[in-house]
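Written out below as C-alpha cells is the structure these notes cover.
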Amino acid sequence: MSKVTEQAAVLALTRVTAGPWHHTARVIQTARGALRLVDGDLTGLSGDDRAHAAEIVSRLRRDDLAHAEDLIAATRADGAHLITVLDEEYPGNLDFVHNLPPFLWIRGRLTDEDHRSVAVIGDDRSGGPAAGLLKHDITALAEAGFTPVAGLCSGVDSAVHGAALAAGGRTIAPLAHGVTAPITPGENATVAAEIARGGALVSPFWPSAPATEAAVALSRIVISGLAAAVYLVGGEEGSGPASQARLALAQGRHLFVTHRLHREQPWVRRAAYRGGVTVVRDIDDLLAQMVNLVDVTLNVKLF
C-alpha cells in the first residue's frame, strides 16, 4: 500500500460525501486509514461513525480510487502537492478544530514552525489600520518568527503577505478556489507567486474548483484553523472579518483586537463579553501576548 493510494482513498471518500466533509475527515482519522474503510473494516468506530462510513463507502464506484490517483498525479505535475488528515505533514493547528478539511493542496510548503502562525484579518473598508501601521505590525510579527496567515483578495491581505515576505518571513494564503483554478480578478497574481516561493498557498477544494461565495465562507475555516491565534485589525458589523472572527472563536482560537477597534466597533465589544478576546494596545503588547500563548501556554506539559 503506497501513500498515494491511501491519499486517493481519502479523496474518493470525500467526493462521495453528501454532508459536511469534516465528518468524513474525523471518521478517516478515527479509523486510522481510508483504505480500511473502503475495504469495509469499520473496527473501532462508534455507531454514528460506522453509519457514516458505511453510507459513503456504499456510494463508491469501482474506478473512483483510480481517478483520484490520476488527479493527484496531474495536480503534482502542475506544481501542487497533496496533504491529507492521515499524513504527518497535516498542520497540527488545523487538526484540532472541529471542522477540519480532509485534505489540502499546497503550492510551496508548510513547515513545523508554522504552528507559530497568526491569522491577520481585516478588509479595505473603513475601520482598518493605516497602511504604514499594518506594515510595521506584520514586519514585527515576521521578525519575531510568527507566520502570518491571510486571504488573497483584499488590499489588507496583500499588505500582510508583502510585509512578511519583505521582512524575510514566511506567509500562508488559504485560497477560496482550487489550487489549479485561475487567479480571480480580486487576487494579486504577483503576490500569489511570491507566497508560493516564500511560504504556501493552501486550498481545501478540488483543484479546478472555481471561487464562489460558499468557497469563500469555507476558506475562512482554514484561515483561522491554520493559526494559533487571530489578530483582528479591522472590520465592521456584517463584514467578512466579522464573520471570520466569530468563526475563529467558535474554533477555539484566541482573538486579539486593537484597542481602537474595540472602542469603535460595538460588535467587537459584544464578542469580547463571551471570552476568548484580548484587547492589545500596540504591536509590542500583541507580541508579548502571542509569545505567552504560543510559546509558553501551549508547551506546558500537564503530565
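The values are calculated or read from the model by the stated rules, or taken from the named source; none is laboratory data. Every value quoted in this text rests on a predicted model; they were computed, and no experiment measured them. Cβ: placed from backbone, ideal geometry, glycine included. Neighbour counts: every protein chain shown. Just so you know, the surface numbers come from the protein's heavy atoms only, side chains and all, with ligands and any DNA or RNA stripped out. Shrake-Rupley method; radii C 1.70, N 1.55, O 1.52, S 1.80 Å.
All but one of (1) farther than 28 Å from ILE72 by Cα; (2) under 19 Å from the mean Cα position of the chain (by Cα); (3) touching a residue at least 40 places away in the same chain (Cβ under 8 Å); (4) in a helix (DSSP H, G or I) hold for ASP137; state the number of the condition that does not hold.
If we test ASP137 against (1) farther than 28 Å from ILE72 by Cα; (2) under 19 Å from the mean Cα position of the chain (by Cα); (3) touching a residue at least 40 places away in the same chain (Cβ under 8 Å); (4) in a helix (DSSP H, G or I), just (2) comes out false.
Return yes when ILE56 is touching a helix residue (DSSP H, G or I) at 6+ places or on another chain (Cβ under 9 Å), at pLDDT 95 or above, under 20 Å from VAL179 (Cα atoms) and assigned to a helix (DSSP H, G or I) and no when it is not. Break it down stepwise before answering.
On the way: touching a helix residue (DSSP H, G or I) at 6+ places or on another chain (Cβ under 9 Å): yes; at pLDDT 95 or above: yes; under 20 Å from VAL179 (Cα atoms): no; assigned to a helix (DSSP H, G or I): yes.
Here the answer is no, as ILE56 does not meet what is asked.
For residues that are outside any loop (DSSP other than H, G, I, E, B) and within 23 Å of ASP39 (Cβ to Cβ), tally how many sit in segment 84-99.
Adding up the residues that qualify gives 1.
Run down ALA66, ALA25, ALA77, ALA73 and say which single residue is small (Gly, Ala, Ser), at pLDDT 95 or above and buried (at least 19 other Cβ atoms within 10 Å of the Cβ).
Answer to the check: ALA25.
Let's see how each residue does on (1) within 30 Å of ALA163 (Cβ to Cβ); (2) in contact with a strand residue (DSSP E or B) (Cβ under 8 Å, 6 or more places away or on another chain):
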site: ARG36; (1), (2): no, no
site: ARG50; (1), (2): no, no
site: HIS67; (1), (2): no, no
site: GLU113; (1), (2): yes, yes
site: HIS136; (1), (2): yes, no
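What strands (runs of 3 or more DSSP E) lie completely within segment 166-256 and have 1 or more residues being open to solvent by 10 Å² or more (accessible area, probe 1.4 Å)?
Details: elements: 171-174, 199-203, 229-232.
Output list reads 199-203.
Would you pick out the residues in segment 28-53 that are crowded, with 17+ Cβ neighbours inside 10 Å, part of a helix (DSSP H, G or I) and either of a type outside the set (D, E, K, R) or within 23 Å of the chain's Cα centre (by Cα) (or both)?
If the condition is that a residue be crowded, with 17+ Cβ neighbours inside 10 Å, part of a helix (DSSP H, G or I) and either of a type outside the set (D, E, K, R) or within 23 Å of the chain's Cα centre (by Cα) (or both), then ILE28, GLN29, ALA31, ALA34, LEU35, LEU37, VAL38, HIS52, ALA53 are the ones that fit.
What is the residue count in segment 257-275 for residues that are under 24 Å from the mean Cα position of the chain (by Cα) and exposed (fewer than 15 other Cβ atoms within 10 Å of the Cβ)?
Selection size over segment 257-275: 2.
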